[in-house]
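Right, one structure below, let's go through it.
The values are calculated or read from the model by the stated rules, or taken from the named source; none is laboratory data. Because the structure is a prediction, the values reported are computed rather than measured. Positions of Cβ are generated from backbone atoms using ideal geometry, with glycine treated the same way; all protein chains shown enter the neighbour counts. The protein model used for the area step is the full one, side chains on, heavy atoms only, and it has no ligands, DNA or RNA in it. Shrake-Rupley method; radii C 1.70, N 1.55, O 1.52, S 1.80 Å.
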Amino acid sequence: MAANLREKKNIKNFEVVIIGAGFSGVYQLFRLRDEGFNVHLVEAGAGLGGIWHWNCYPGARVDTHCQIYQFSRKDLWEGWNWSERFPGWSEMRDYFDYVDEKLELSKDVSLNTRVEAARFDEAQGCWILETDSDTDFEATYIIVCAGFASKPYIPDLPGLEKFSGPAHHTALWPQDGIDFTGKKIGVIGTGASGIQVAQEASKVASELVVFQRTPNMFLPMGQERYSEEDNVKMKSELPAHFEARKESFGGFDFTFDPKSALEVSEAEREETYERLWEAGGFKFWLGVYGDIYTDETANRTAYEFWKKKTRERIDNPKLAEILAPSDPPHPYGVKRPSLEQWFFEIFNQDNVELVNLREERIDSVLPHGIKTIKREFNLDIIALATGFDAVTGGLTSINLIGTDGVALKDKWSKGVRTHLGLATANFPNMLMSYGPQAPTGFCNGPSSAEYQGECIVDMLKHLRSSGFSKFDVLPEYEEKWRNHIIDIASKTLFPKANSWYMGANIPGKTREILMYPAGLPSYLEEVKEAASKNYEGFQFS
Ligand code: NA7
């Protein structure tokens, strides 16, 4: 590959090349630059922002409150005002433009450049990265910051290619938008993306059909507008919000209640649930009694509360049973809940229909709509809100070749192997941020970018100060890390849901816990401990 590349392309050489310009990649860029590394970032999209560059479907919105959905650098937050507690995609793009301008990032970034393949050249001791642009790269180290949701999943729906109108995955939505006004819209999928599209479509579509497979336990967002005054007050409180993140399971500014849901009286439990519910956001997910994630009886108390609150909002009892069933499809909270604003009320409108795919699965897509095994729905536009080959897909869709000639995709086909969720054997000098077997999907993105990101910065500094220029993972340590994670997860209820946390949303993907399941503080402790033992599990040369 190397000889071939040299014949047809420009080659640029850096000490570190970062792949991906979301929170993780951007953090690596400015931090490593601050530390004096010769670093460059390569991004497939036309702008910074990662998922906020790609996800521009109607209603696309952050579901973590803005206070902690930003970088904690003072020179960044003190000059930026948020307009809403949960900002939309357009505001997130503006934020990344602001960060770019403030830190002069663009000069070290190649946009519209997709890394298609990379392999470590033993002779030269560097990575060779092949892109789809006229420039390829060489780097001593690469840091893959591909994000957990960069590889959209489109199910195999017979006839989809014959649909006569627009049909797009939410993460591949046309950048100039699609007008839903007066149109018949079909939304397949009811995760975070599906319900956001459905909420917007319900306001303007002549008809909206929502195809639901698994009921999702959405929580009320509690959206708020923020004035300049609100921002002034917020800034005075931000340092405390940032500081709290490293003590929180999910890298939030709050964490689980150490009490058991079963040790408190029913009245106290109701009062607690009510308070968390009223607070909005993820309080009723990441601020509840911790044992609801380990004990089914405790968990059921949260589900019953959620069900009661949700059913109150749905007029038709049959629809209430489909959206918030008597018995949960899986324990509460072990599949990502997502935040909604007026999702349940849309089913009280005449222009909205709910299709329960558990009773009538999709048979095929027709040129003019969707056919289930029972009926046909005429549609003008289809939104495929069907999720992602999450966590691993961003990495395995790059043709990364190990020193043994085996592609990462093949290495992980029977299960992911990493050491500390940072690196994987036979891929020397390759680090991952926000990838598998790290807090990632269980953690607020910017918190992970910074805290796990700092572990990566430390490791590169360690290599530099020790005079090493190569590291690899000792294979036995990745088996240890894998077994450790599986063992922790087996004591929780997470394996009980068919979620993307478990790789269970993609047909054929290995069913395994893809995240480090003991929370950000424990993760950071484990990395710190390995680092203190001369980076136990890594070999340096
Ligand atoms: P999600 O949360 O993975 O949701 C995908 C949805 O698509 C979910 O409701 C799936 O149902 C549904 N789905 C997937 N395949 C099919 C098929 N074949 N037929 C019908 N329905 C299907 O993705 P999102 O984009 O909404 O959110 C991803 C993350 O972004 C989210 O967690 C936040 O972190 C932000 P299922 O539940 O599998 O039965």
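Selection of first residues in region 496-509 that are without any contact (Cβ under 8 Å) to a residue 40 or more places away in the chain and of second residues that are part of a loop (DSSP other than H, G, I, E, B) and polar (S, T, N, Q), restricted to Cβ pairs under 9 Å at least 6 apart or on distinct chains, gives the following pairs, ordered by first then second residue: ALA504/ASN498.
Determine if region 135-146 includes at least one residue that is open to solvent by 50 Å² or more (accessible area, probe 1.4 Å), out of contact with any Ser or Thr (no Cβ under 8 Å at 6 or more places or on another chain), farther than 30 Å from LYS203 by Cβ and not aliphatic (A, V, I, L, M). No: zero hits.
Condition check ((1) modelled with pLDDT of 95 or more; (2) away from the ligand (no atom under 16 Å from the Cβ)) across all residues:
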{"site": "ALA298", "(1), (2)": "yes, yes"}
{"site": "ALA320", "(1), (2)": "yes, yes"}
{"site": "PRO331", "(1), (2)": "yes, no"}
{"site": "PRO337", "(1), (2)": "no, no"}
{"site": "PHE344", "(1), (2)": "yes, no"}
{"site": "LEU354", "(1), (2)": "yes, no"}
{"site": "ASP363", "(1), (2)": "yes, no"}
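Pairs are defined by a Cβ separation below 6 Å, a sequence spacing of at least 6 or placement on different chains, a first member in region 478-491 that is touching a residue at least 12 places away in the same chain (Cβ under 8 Å), and a second member that is crowded, with 16+ Cβ neighbours inside 10 Å and β-branched (Val, Ile, Thr); the pairs so defined are GLU478/THR418; ILE485/ILE513; ALA489/ILE513.
Each residue in region 344-369 was checked for being under 29 Å from the mean Cα position of the chain (by Cα), farther than 15 Å from ASN316 by Cβ and not charged (D, E, K, R), and 3 of them qualify. Put simply, of SER202, SER206, SER193 the only residue that is surrounded by 21 or more Cβ atoms within 10 Å (Cβ to Cβ) and more than 16 Å from the ligand (Cβ to nearest atom) is SER202.
Taking into account only those residues within region 240-270 that are part of a helix (DSSP H, G or I) and basic (Lys, Arg), which is most open to solvent (accessible area, probe 1.4 Å)? Lay out the reasoning, then the answer.
First, pick out the residues of region 240-270 that are part of a helix (DSSP H, G or I): 240-247, 266-270.
Retained after the next criterion (residues that are basic (Lys, Arg)): 245-246, 269.
Values: ARG245: 5, LYS246: 68, ARG269: 38 Å².
The selected residue is LYS246.
A single entry from TYR141, TYR98 fulfils the requirement of being touching a Gly at 6+ places or on another chain (Cβ under 9 Å), over 30 Å from THR386 (Cα atoms) and of a type outside the set (S, T, N, Q): TYR98. Restricting attention to region 293-324, the residues that are touching a helix residue (DSSP H, G or I) at 6+ places or on another chain (Cβ under 8 Å) and outside any helix (DSSP H, G or I) add up to 5.
Please return the ranges of strands (runs of 3 or more DSSP E) entirely within region 376-488 where 1 or more residues are away from the ligand (no atom under 16 Å from the Cβ) and over 27 Å from THR190 (Cβ atoms). Passing ranges, in order: 399-401, 430-432, 471-473. Of note, ILE51 satisfies the criterion of being within 16 Å of the ligand (Cβ to nearest atom) and open to solvent by 40 Å² or more (accessible area, probe 1.4 Å).
Applying the selection to region 516-537, what residues are more than 12 Å from MET459 (Cβ to Cβ), open to solvent by 10 Å² or more (accessible area, probe 1.4 Å) and part of a helix (DSSP H, G or I)? Scanning region 516-537 gives PRO521, SER522, LEU524, GLU525, GLU526, GLU529, SER532. Selection within region 493-515: residues that are more than 12 Å from the ligand (Cβ to nearest atom) and among the β-branched types (Val, Ile, Thr). The member of this set that is least open to solvent (accessible area, probe 1.4 Å) is ILE513. Is it true that THR170 is closer than 22 Å to LYS283 by Cα, within 16 Å of the ligand (Cβ to nearest atom), buried (at least 16 other Cβ atoms within 10 Å of the Cβ) and of a type in the set (Val, Ile, Thr)? When the stated conditions are applied, THR170 does not pass them. One residue is enough: does region 4-15 have a residue meeting the conditions within 21 Å of GLN452 (Cβ to Cβ) and either of a type outside the set (Asp, Glu) or at pLDDT below 95 (or both)? For region 4-15, residues within 21 Å of GLN452 (Cβ to Cβ) and either of a type outside the set (Asp, Glu) or at pLDDT below 95 (or both): absent. Taken over region 120-165, residues that are out of contact with any Lys or Arg (no Cβ under 9 Å at 6 or more places or on another chain) and within 16 Å of the ligand (Cβ to nearest atom) amount to 16.
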